Amino acid sequence: MKEDLREAVHHGTKEYPFALYRVRYPKHGMNTPPHWHEEMEIVYVEAGILHLTIGEETHTGTAGDLFMINTGDIHSMFFDNLDTRYLTMLFPLSSLTFLTMDDSRAFLTSLNEQKTGFVHVLTGTPVYDSIRENIQKLLLLNGERPYAYQLGTKVCLLDIVYQLFAAKLTITTDKKPEDAMCREILRYLRENFAGEVNLTETAARFHMSEKYFSRFFKKNFSLTFVEYVNQLRIEKAEDLLTNSSLPVTEIALRCGFSSSSYFNKRFKAFTGVTPRDYRG
C-alpha cells in the first residue's frame, strides 16, 4: 500500500480521482521517506502509533488522531508498532471544482494555488466529530459502492473542506524559497532512484557543489543523500517482494542495487530481516 515523491503514482483514476487506503503491515514496521503530491491527503489513525513529519512539524498520532496534508506539503511517516493501522484518503482539489464562476469557487482556487492551506492537526478542533462522520461515510460508500457513490464521495469531501473553512482552520502558506528546489530534488530522485544516481551528478544537476548539496539535503530531509536513495530502493523492493514472484537477485537489480549481497545487507539494516524472510 505504499505509494510512490512528487509521487509518480496517480491515486484513483481519471474518472474517479479519489483513493482510500487502509494501511497495516503485519510483519514489519513502515518508513515512508519524504515525498509530496498534488493531491490533498487526510490521515486517520485507527490504532497504534504513527509518526508524521509535515514540513517542519513533527507529530505523533495515536488512535483517533486526524491529520490534514495540503497539496505540495513535503511529508514522511513511519511506524514500528506492528499494531498500527491508519486510513489515508487522497483527492485532487480539481475534482471538487465547479463549472460556474461563483463566489464559492474562490475558496477552492486559493487551496489549489497553494495560497491557503488547512491546519495539519485536526484532533481537538470543533469540526473533528463532523469530519470523522464524513470519513465513516466515505468508508461505507467506497466499500459498498452503491449507486451514485461517486457523487456521495464528492459531497463528503466538499463538506470536509467547507467545515474547515467555516471553522477558520486555515493557514496562509508560507513557502520558503528552497521549497520548490526541495520538491524538484525529490521528484528527480523518485523518478531515477533505480538507475545509477549518485551524489556528484545529482548535485551538479541542481547547480550545487557536492559539499553544499550534502548539507542542503541533510538539513531539509533529515537524511543523507545515500540514506534517502537507499530508502527509496528498499521501499520499491518491499513492494516487489510482496507483489511479484521475481527472484531476489532480479529485484535487487531492478531497484538500483549493484549486487544482491549489498542489497541483502541494506535491506536487513532497514527492515531487520533478509529479503527472503520478508517475503516469507
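Bear in mind that the values in this text are calculations on the coordinates, not laboratory data. Quantities reported herein were computed from a predicted structural model and do not represent experimental measurements. Methodologically, a virtual Cβ is constructed for each residue, glycine included, from the backbone with ideal geometry; neighbour enumeration extends over all protein chains shown.
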| Given 0.36 nm per residue, what is the gain on full extension from Ser214 to Leu253 after removing their alpha carbon distance, in nm? | 11.5 nm
| query | Using 7 Å Cα-to-Cβ label points, what is the Arg22/Ala204 separation (nm, one decimal)? | reply | 5.0 nm
| said: Need one word for segment 237-280: rounded, prolate or oblate. Basis is the Cα gyration tensor (sqrt eigenvalues a ≥ b ≥ c); a/c below 1.5 gives rounded, then a/b vs b/c decides. | reply: oblate
| task | Please say if segment 135-275 is rounded, prolate or oblate, where rounded means a/c under 1.5 for a ≥ b ≥ c the square roots of the C-alpha gyration tensor eigenvalues, and otherwise the choice is prolate for a/b larger than b/c and oblate otherwise? | result | oblate
| message | Less than 14 Å Cβ to Cβ from Arg132, Lys/Arg counted +1 and Asp/Glu -1: what total charge do the surrounding residues give? | response | -4
| said: Need one word for segment 53-135: rounded, prolate or oblate. Basis is the Cα gyration tensor (sqrt eigenvalues a ≥ b ≥ c); a/c below 1.5 gives rounded, then a/b vs b/c decides. | reply: prolate
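Filter the cross-link list Lys168/Lys218; Lys115/Lys219; Lys154/Lys236 down to pairs whose alpha-carbon distance in this structure exceeds 30 Å.
Values: Lys168/Lys218 35 Å; Lys115/Lys219 25 Å; Lys154/Lys236 32 Å.
As for pairs spanning more than 30 Å Cα to Cα, those are Lys168/Lys218; Lys154/Lys236.
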| By what distance, in whole Å, do the Cα atoms of segment 25-97 stretch along each of the three principal axes, largest value first? | 39, 22, 20
| field | Cα principal axis extents for segment 36-178, largest first, Å | value | 47, 46, 27
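Please give the calculated 222 nm ellipticity per residue for the chain, where each DSSP H segment of at least 4 residues contributes -39500 (n - 2.57) and the sum is spread over every residue; nearest 500 deg cm²/dmol? Write down the numbers at each step before the final one.
On the way: 10 runs with 121 residues, N = 280.
Result for the chain: -13500 deg cm²/dmol, rounded to the nearest 500.
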| said: For the chain, compute Rg over Rh where Rg is the Cα radius of gyration and Rh is the Kirkwood radius from the inverse mean 1/r over Cα pairs. | reply: 0.98
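If you build the convex hull over the alpha carbons only and average its shadow over all orientations, what do you get for segment 153-194? Give it in nm² to one decimal. The partial results should precede the final answer.
Details: hull surface 20.2 nm².
Mean projected area for segment 153-194: 5.0 nm², to one decimal.
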| query | Where the centre of each part is set by its Cα atoms, how far does segment 153-218 sit from segment 233-271, in angstrom? | reply | 26 Å
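Cβ neighbours within 10 Å, averaged per peptide: list 161-168, 195-202, 224-231 in order, most packed at the top. Walk me through the numbers on the way to the answer.
Details: 161-168: 15.6, 195-202: 12.8, 224-231: 18.2.
By packing density, highest mean first, the sequence is 224-231, 161-168, 195-202.
Pop the C-beta distance of Lys115 and Leu223 into the FRET formula with R0 = 30 Å and round what comes out to the nearest 0.05.
Values: r = 30 Å, r/R0 = 0.99.
Using R0 = 30 Å, I get an efficiency of 0.50.
So what is the relative contact order for segment 174-236, in percent, with contacts set as C-alpha pairs under 8 Å and at least six apart? Walk me through the intermediate numbers first.
On the way: 25 pairs, mean separation 19.0, N = 63.
The normalised contact order for segment 174-236 reaches 30 percent.
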| request: Evaluate the distance, in nm, between pseudo-label points positioned 7 Å from the Cα of Thr170 and of Asp129 along their respective Cα→Cβ axes. | output: 2.6 nm
